[in-house]
Amino acid sequence: MNLISVNIHLTRACNYRCKFCFAHFNDEKGVLSFDDWKFIIDQLFLHGTEKITFVGGEPLLYHDIEKLLKFTHEKGITTCIVTNGSLIREKFLYDNNQNLDWIGFSIDSSNENTERLLGRKMYNSNIHAHINYILGLIPLIKQLGIRIKINTVITKLNWKESMQSLMKELNPDRWKVFQVLHIFGENDAFLKEYSVNEKEFNHFINNHKNLNPIKETNCDMRGSYIMIDNKGRFFDNTKGYLRRSRPIIEVGMKNAFKEISFSSVKMKKREGIYDWKSH
């Protein structure tokens with residue numbers, strides 16, 4: 001069992017309402033304590049974890065995110081957060097740059113109106129300019145030596161779009177482009193109207209080949225991530241819905257991991273193993 005790279009979904013809370021999101025955990029409430037996560041991260045370290053990506057919901061809504069970044073980084077584990085960016089302030093970047101190796105931003109379009117249609121806006125607000133706010137953060141992030149990843153989800157609203165100009169301006173270290181993924185019980189309504197087939201997805205990829213996007217089709221994504229939910233349980237999406245293990249704290253890392261499906265071959269195929277330490 002080699003748990004080299006793990007995504008931890010700290011909370012289901014989010015200040016955005018992205019319509020295609022698969023991480024609502026609609027039947028779940030609450031979060032684990034800092035001490036519980038310390039125990040789980042200690043166990044991950046003992047099982048070979050080299051990188052932890054803190055996601056949500058919105059990970060910056062987890063009250064002890066800064067303490068978790070410090071604890072994780074001090075164990076020699078590469079740290080990453082995937083965020084909508086709206087809660088990042090300069091103070092957070094200055095306070096945490098020694099403990100934060102990567103920031104992943106979710107940007108699906110160069111058009112603010114498209115972003116709003118997708119739900120990338122403050123809940124019940126049309127004021128926040130998602131793209132421009134992130135663009136304003138980029139210079140300081142790069143100055144502090146934090147690496148940047150952009151995640152883009154392709155739907156019916158953006159598959160014909162060119163993001164050439166925006167991506168050249170952002171100039172991330174890594175750009176991942178996903179075919180919007182249907183997870184039963186999580187994003188059913190949106191997918192009926194806005195899913196794209198592989199031909200449409202590849203149209204977007206081919207139009208951005210010069211920027212070397214790392215593409216992930218629905219097939220690539222299923223069963224190729226090691227994920228832990230806000231209750232400290234492994235979960236997978238292999239069968240098209242979220243299936244969870246028993247809590248790691250109760251049954252142990254090995255027993256919990258046996259209860260879900262994961263393919264290291266698929267992780268490597270989607271380029272999930274890369275040089276995340278070097279600058």
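The values are calculated or read from the model by the stated rules, or taken from the named source; none is laboratory data. Given the structure is predicted, the values throughout are model-derived calculations rather than measurements. All Cβ positions, glycine included, derive from the backbone under ideal geometry; neighbour counts span all protein chains shown.
Take the conditions out of contact with any helix residue (DSSP H, G or I) (no Cβ under 7 Å at 6 or more places or on another chain), more than 23 Å from Leu117 (Cβ to Cβ) and crowded, with 20+ Cβ neighbours inside 10 Å and apply them to Asp173. Does it pass? Even if it seems obvious, please write down each step before you answer.
On the way: out of contact with any helix residue (DSSP H, G or I) (no Cβ under 7 Å at 6 or more places or on another chain): yes; more than 23 Å from Leu117 (Cβ to Cβ): yes; crowded, with 20+ Cβ neighbours inside 10 Å: no.
Here the answer is no, as Asp173 does not meet what is asked.
For a quick check of your reading: which helices (runs of 4 or more DSSP H) sit entirely within region 1-113 and have at least 3 residues that are under 29 Å from Lys168 (Cβ atoms) and at pLDDT 95 or above? If you could, list the steps in order and put the result at the bottom.
Details: elements: 34-46, 65-74, 90-96.
The qualifying helices (runs of 4 or more DSSP H) are 90-96.
Would you mind listing the helices (runs of 4 or more DSSP H) fully within region 174-277 where at least 1 residues are in contact with a Leu (Cβ under 9 Å, 6 or more places away or on another chain) and free of Cβ contacts under 8 Å to residues at least 40 places away in the same chain? Talk me through it step by step, then tell me what you get.
Details: elements: 188-194, 198-206, 218-221, 248-251, 253-258, 264-269.
Passing ranges, in order: 218-221.
With the requirement that a residue be out of contact with any helix residue (DSSP H, G or I) (no Cβ under 9 Å at 6 or more places or on another chain) and closer than 17 Å to Trp159 by Cβ, what does region 215-228 give you? Spell out the reasoning first.
Taking region 215-228 first, the residues out of contact with any helix residue (DSSP H, G or I) (no Cβ under 9 Å at 6 or more places or on another chain) are 216, 227.
Passing the criteria: only Glu216.
Might you check whether a residue that is over 22 Å from Asn84 (Cα atoms) and under 20 Å from the mean Cα position of the chain (by Cα) occurs anywhere in region 197-210?
Within region 197-210, one or more residues are over 22 Å from Asn84 (Cα atoms) and under 20 Å from the mean Cα position of the chain (by Cα).
When only residues in region 114-152 that are touching a Leu at 6+ places or on another chain (Cβ under 8 Å) and at pLDDT below 85 count, which is surrounded by the fewest Cβ atoms within 10 Å (Cβ to Cβ)?
The extreme case among them is Leu117.
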